[in-house]
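Accompanying notes for the structure given below.
Values in this text are rule-based calculations from the coordinates and carry no lab data. Only a predicted model underlies this, so the values are computations on that prediction, with no experimental measurement involved. Glycine also receives a Cβ, built like all others from the backbone with ideal geometry; neighbour counts cover every protein chain displayed.
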Amino acid sequence: SNGRLEALNSRVRLISHRAHGFHSADALIAMVYLCCAGIQIALPHR
């Protein structure tokens, strides 16, 4: 079924809506990878 694809499409639309649009397609793609790929980014320590 299309369940997984529809879920991913919904997440991409949510990301785009939350950001009120992006300046380029590369910025949108980077944000989708960041939010959906499970990438862990270590925050800098002081």
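Out of all the residues in the stretch 7-15, is one or more outside any helix (DSSP H, G or I) and on the phi < 0 side of the Ramachandran plot? Checking the stretch 7-15: not a single residue is outside any helix (DSSP H, G or I) and on the phi < 0 side of the Ramachandran plot. Scanning the stretch 20-38 for residues that are out of contact with any helix residue (DSSP H, G or I) (no Cβ under 7 Å at 6 or more places or on another chain) and assigned to a loop (DSSP other than H, G, I, E, B) turns up His20, Gly21, His23, Ser24, Ala37, Gly38.
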